[in-house]
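S.K.: Handing you this structure, nothing more for now.
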Amino acid sequence: MITVQQIIDAIEEVAPLHLQESYDNAGLIIGDPKQNVSQALITLDVTEEIIDEAIEQKCDIIIAHHPIIFSGLKKLNGKNLVERCVIKAIKNDIAIYASHTNLDSVYGGVNSKIADIIGLKEQQILHPTYSPLVKVTTFIPATHQQEVIDTLATMGYGKIGNYDSCSFSTKGTGRFKPLQGSTPYIGSCDKLEEVEEVRYECLLKQSEVASFIQALKKVHPYEEVAYDLIETKNNEITSGLGMKGTLPEPIDSKEFLEKLSKLFDIPVIKHSNICHEKIQNVAICGGAGISFLNDAIRQKADIFITGDVKYHDFFNAEEKIIIADIGHFESEQFTKEVFYEILTKKIPNFAVRMSNISSNAVNYFIRES
């Protein structure tokens, strides 16, 4: 059987929980990590109808993009949607997990999927978060140099940008004296030992440090492994919100808006003045992303696509960029596919269903001409 924790691990391997914004409430909302589950239902939001769907389909965990609980619950009387959903999920032993701004913030997440749907090339994060890299130094007996270095590289450590297996080695002499109670791989107790060793160095993301040390100790022959960790001033873009990219060829602006309407199945697109005849450089942020407008302008995007744009925000385009509001739900509707791809790839023997219910709370009245 698959446990809730295994589902969590699969998703958080792609979108670690520490990447969520401070206001967010992603993670396991309802349920026990040790609970066995047989089927997952994937959705954008959690509603009573979707919990009913999970019950009908015999799904015992719901994977959602938006957390059903954002602020604290003081009572559970069923007086509002959140309380009723929580009560119904608990009564039916259904776990609820949400991956929200952490899934927005990574390559392969929500904004990557939107960029793929539009057909953007050369994708890069629009509003990046920088994290200082950590240089790790350790010492390996020369007899085990290749085995240890190759194993660590195979596990993905030492990746810098578009290069992997990055490390540096120098030869030297290691000295140590095993004490009573030790079981040294090389040498004898109470006798100073000299060994030909290799000094090995590589750069790690901060999120990789703990797993690297664990892997190093497992593959290294010494009983006690010496290593140094130094935080560097080298920064790497590890995450961030929004995405930017380019279309293969420039396209007429109105033709591009027509394309958006079809791709996202939306009858109406609110937009600012058409200040560019052609569009090629595109910036996007699923959900409510107007706060990243200046990033899009600074990076010379022709159009910025997001949702939940307020009236006065459109003035901030200032004839520099086209703002297109395609709706909150509409921009994030393909998030279900992101979850599906993650789970079916990482846990192929687990049943995953995508909800057939639209949780979009916004409707459009289109006047007949």
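S.K.: Does E193 fit the bill of being among the charged types (D, E, K, R) and at pLDDT 95 or above?
M.R.: Answer is no for this residue.
S.K.: Can you tell me which condition I42 does not meet? The list is (1) within 17 Å of A351 (Cβ to Cβ); (2) part of a loop (DSSP other than H, G, I, E, B), and all the others hold.
M.R.: (2)
S.K.: Looking only at the range 295-317, count how many residues are within 12 Å of C275 (Cα to Cα) and in contact with a Ser or Thr (Cβ under 7 Å, 6 or more places away or on another chain).
M.R.: The total comes to 1.
S.K.: Further question: Please find, within the range 1-19, the residue that is surrounded by the most Cβ atoms within 10 Å (Cβ to Cβ) out of those that are modelled with pLDDT under 95 and not charged (D, E, K, R).
M.R.: A15
S.K.: So, one more: I'd like to know if the range 165-185 contains one or more residues that are under 19 Å from the mean Cα position of the chain (by Cα) and surrounded by 13 or more Cβ atoms within 10 Å (Cβ to Cβ).
M.R.: Within the range 165-185, not a single residue is under 19 Å from the mean Cα position of the chain (by Cα) and surrounded by 13 or more Cβ atoms within 10 Å (Cβ to Cβ).
S.K.: So if I check each of F315, F334, which one is of a type in the set (F, W, Y) and farther than 19 Å from F264 by Cα?
M.R.: Criteria check complete, one pass: F315.
S.K.: Let me ask something additional. Does L133 satisfy the criteria of being of a type outside the set (S, T, Y), touching a Ser or Thr at 6+ places or on another chain (Cβ under 9 Å) and either surrounded by 15 or more Cβ atoms within 10 Å (Cβ to Cβ) or under 24 Å from A288 (Cβ atoms) (or both)?
M.R.: yes
S.K.: Let me ask something else. Looking only at strands (runs of 3 or more DSSP E) that lie completely in the range 244-352, which have at least 1 residues being surrounded by fewer than 21 Cβ atoms within 10 Å (Cβ to Cβ)?
M.R.: Of the strands (runs of 3 or more DSSP E) lying wholly inside the range 244-352, those with at least 1 residues that are surrounded by fewer than 21 Cβ atoms within 10 Å (Cβ to Cβ) span 278-288.
S.K.: Condition first: over 29 Å from V282 (Cα atoms) and without any contact (Cβ under 8 Å) to a residue 60 or more places away in the chain. Now tell me which residues in the range 316-348 satisfy that.
M.R.: Passing the criteria: T344, K345, P348.
S.K.: Next question. Of the residues I51, I55, I94, I90, which single one is of a type in the set (V, I, T), exposed (fewer than 15 other Cβ atoms within 10 Å of the Cβ) and more than 21 Å from the chain's Cα centre (by Cα)?
M.R.: Result of the check over I51, I55, I94, I90: I90.
S.K.: Looking at (1) under 16 Å from K244 (Cβ atoms); (2) assigned by TED's automatic domain parsing to the domain that holds A40; (3) β-branched (V, I, T), which is the only condition I61 fails?
M.R.: Every condition holds for I61 apart from (1).
S.K.: Residue pairs, Cβ under 9 Å, 6 or more apart or interchain, first in the range 180-191 and not assigned by TED's automatic domain parsing to the domain that holds E224, second surrounded by 10 or more Cβ atoms within 10 Å (Cβ to Cβ) and at pLDDT 90 or above. List them.
M.R.: none
S.K.: Of the numbered conditions (1) buried (at least 16 other Cβ atoms within 10 Å of the Cβ); (2) of a type in the set (G, A, S); (3) free of Cβ contacts under 8 Å to residues at least 40 places away in the same chain, S239 satisfies every one except a single condition; which is it?
M.R.: For S239, the failing item is (3).
S.K.: Going through the range 304-339 one residue at a time, which ones are in contact with a Lys or Arg (Cβ under 9 Å, 6 or more places away or on another chain) and of a type in the set (S, T, Y)?
M.R.: The one that is in contact with a Lys or Arg (Cβ under 9 Å, 6 or more places away or on another chain) and of a type in the set (S, T, Y): T335.
The values are calculated or read from the model by the stated rules, or taken from the named source; none is laboratory data. Keep in mind that this is a model prediction, so the values were computed, not measured. Note that each Cβ is placed from the backbone with ideal geometry, even for glycine, and that neighbours are counted across all protein chains shown.
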